[in-house]
Amino acid sequence: MKHIKPVIKKRLEDKKKLGDAWIAPLDALQSCLNDPEIAPDLDPNNVDYNIIVEIIEILIFTAIISLPAAVFYALYDLAGRKEYWNELYQEAQVINKQCNGNVLKSDDPDKMVKLDKFVKESLRLNIDITNVAHKCISKPYYTFENGYQVPNGRMIYVNFMSLAMDEELQGQNSKEFYAYRHDSPAIKLDHNYLVFGSGKHACPGRFLAVIVPKIFLHMVMLRYNVRTETGKMKPQKYTGPTVRPFNVGIVFENRN
Ligand code: HEM
């Protein structure tokens, strides 16, 4: 907190100076400081630091849990799904040639179209059973179109798994991994694809959560053949309703 206070002071001073001309940078700390509930009068002595700490804490935990998990599942799916190796490798080679083997440019991940579908399918299938807890705030009940009522104060969870596995929504063999079932990007929110939630509170970290596994797999594929140790894949593991990465051997072989 000691370290963060001078940063906050400087940002609030800048905001005061620039007034309406202030253009909010897209970062978590600044969006907190732009919130009148957190910094009502732009006075550094009148900032609700507790909310800021809570938000930053949530961001850190999300980033260190969900993001590496997404990378793990994507890598594991690649290692275990031989049928995708050639096509994905070819796409990676084309992109690598276009940038002469140099570092990727910011628009290169958009060119990883097949890999995007692959990552999307990996996210779809490695999903929590239930998620996005919501508290009912309607009084005395919230009534769904079908007449089902939820009382005020009740926590409800969305059944992610049933949605992700529904054949009517996902297409044929919805329990099987088939990357090319998707015709929209992995970051796109859709009622059939609730990995990142929906609406106003949909995950703002989804751009990072998709681009990181894509860049990681791209780099891995250019250097290595990856496969599971046994050549087979294990079923997912859950802790309660939450899907969790597990210990598994992945073999990296240098490409010649
Ligand atoms: C694969 C990785 C990730 C998954 C599957 C995921 C999923 C989700 C879901 C389902 C929600 C709830 C959305 C809703 O209520 O409708 C959410 C919210 C959120 N996520 Fe993510 N997330 C991921 C990565 C990240 C990362 C890397 C960050 C930040 C760097 C992040 C930041 C957040 C924040 C701040 C919220 C709360 C948004 C709000 O309430 O307005 N997420 N995420």
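The values are calculated or read from the model by the stated rules, or taken from the named source; none is laboratory data. Computed from a predicted model, the values in this text were never measured in an experiment. Glycine gets a Cβ as well: all are built from the backbone with ideal geometry, and neighbour counts include every protein chain shown. These accessible areas exclude ligands, DNA and RNA; they are computed on the full protein's heavy atoms, side chains included. Shrake-Rupley method; radii C 1.70, N 1.55, O 1.52, S 1.80 Å.
Treating the chain as a set of equal point scatterers at the Cα positions, no solvent, please give the Debye-formula log₁₀ I(q)/I(0) at q = 0.07, 0.11, 0.12, 0.15 Å⁻¹.
Cα-only, vacuum Debye calculation for the chain: -0.34, -0.78, -0.90, -1.15.
Taking +1 at the Cβ of each Lys and Arg and -1 at the Cβ of each Asp and Glu, which of VAL119, MET161, HIS182 sits farthest along the dipole of segment 108-189 towards its positive end, judged by Cα position relative to the Cα centre?
MET161
Under a GNM of the chain (C-alpha, springs under 10 Å), which listed residue has the highest mean-square fluctuation: TYR157, TYR76, TYR89?
TYR157
Give me the percent of accessible area attributable to carbon and sulfur for the chain, probe 1.4 angstrom.
Details: 8960 of 16270 Å².
Looking at the chain in its full context, I get 55 percent from C and S.
State, to one decimal in nm, how far the label point of ASN100 lies from the label point of TYR148, with both points 7 Å from Cα in the Cβ direction.
It works out to 5.9 nm between the two label points.
Given segment 133-256, what whole percent of its Cα pairs are spread farther than 23 Å?
Details: 4054 of 7626 pairs.
That fraction is 53 percent.
So what is the calculated 222 nm ellipticity per residue for the chain, using -39500 (n - 2.57) for each DSSP H run with n of 4 or more, over all residues, to the nearest 500 deg cm²/dmol?
Value at 222 nm, helices only: -13500 deg cm²/dmol.
Treating cross-link reach as a plain straight distance, find the aspartates and glutamates whose alpha-carbon is under 13 Å from the alpha-carbon of LYS15, omitting any fewer than eight places away in the same chain.
LYS15 reaches ASP35, ASP41, ASP43.
Would you list the P(r) distribution for segment 127-199, with all Cα-Cα distances sorted into 5 Å bins from 0 and each bin expressed as a whole %?
Here the calculated profile for segment 127-199 is 3, 14, 19, 22, 17, 11, 9, 4, 1.
Please arrange ILE137, ILE38, ILE60 by accessible surface area, largest first, computed with a 1.4 Å probe and ligands excluded.
Most to least solvent-accessible, the answer reads ILE137, ILE60, ILE38.
Counting other Cβ atoms within 10 Å of each Cβ, which trypsin sites (Lys or Arg not before Pro) in segment 29-115 have at most 16 and sit in a DSSP loop?
Numbers: sites: ARG81, LYS82, LYS97, LYS105, LYS111, LYS114; in loops: ARG81, LYS105.
Of the trypsin sites (Lys or Arg not before Pro), the ones in loops of segment 29-115 whose Cβ has at most 16 other Cβ atoms within 10 Å are LYS105.
One-quarter of the Cα convex hull surface for segment 31-169, in nm²? Intermediate values should be presented prior to the final figure.
Working: hull surface 57.0 nm².
Projected area, direction-averaged: 14.2 nm².
Using a 1.4 angstrom probe on the protein heavy atoms only, line up ASP183, ASP48 by accessible area, largest first. Show your work: numbers first, answer last.
Values: ASP183 145, ASP48 55 Å².
Correct descending sequence by accessible area is ASP183, ASP48.
Sort GLU57, GLU168 by accessible area with a 1.4 Å probe, largest first.
Details: GLU57 90, GLU168 175 Å².
I get GLU168, GLU57, largest accessible area first.
Please work out how much length the chain gains when fully extended from CYS136 to GLN90, using 0.36 nm per residue of separation minus the C-alpha to C-alpha distance, in nm with one decimal.
Working: separation 46, 0.36 × 46 = 16.56 nm, distance 4.91 nm.
My answer for the length gained is 11.7 nm.
Relative contact order of segment 67-254, please, whole-number percent, based on alpha carbon pairs below 8 angstrom and at least 6 residues apart.
Numbers: 241 pairs, mean separation 53.6, N = 188.
Answer for segment 67-254 is 29 percent.
Which helices, taking whole DSSP H runs in the chain, have alpha carbons extending 15 angstrom or more along the helix axis plus mean Kyte-Doolittle at least 0.5?
Values: long enough: 4-18 (21 Å, -1.05); 49-80 (46 Å, 1.65); 85-98 (20 Å, -1.16); 113-125 (18 Å, -0.11); 206-223 (26 Å, 1.47).
Helices meeting the span and hydropathy rule in the chain are 49-80, 206-223.
Taking a 20 Å limit on the Cα-Cα distance, which of the listed pairs LYS105/LYS200; LYS117/LYS200; LYS117/LYS188; LYS120/LYS175; LYS175/LYS232; LYS105/LYS214 fall beyond it? Walk me through the numbers before you get to the answer.
Numbers: LYS105/LYS200 30 Å; LYS117/LYS200 24 Å; LYS117/LYS188 11 Å; LYS120/LYS175 14 Å; LYS175/LYS232 17 Å; LYS105/LYS214 13 Å.
Going by Cα-Cα distance, LYS105/LYS200; LYS117/LYS200 fall outside the 20 Å limit.
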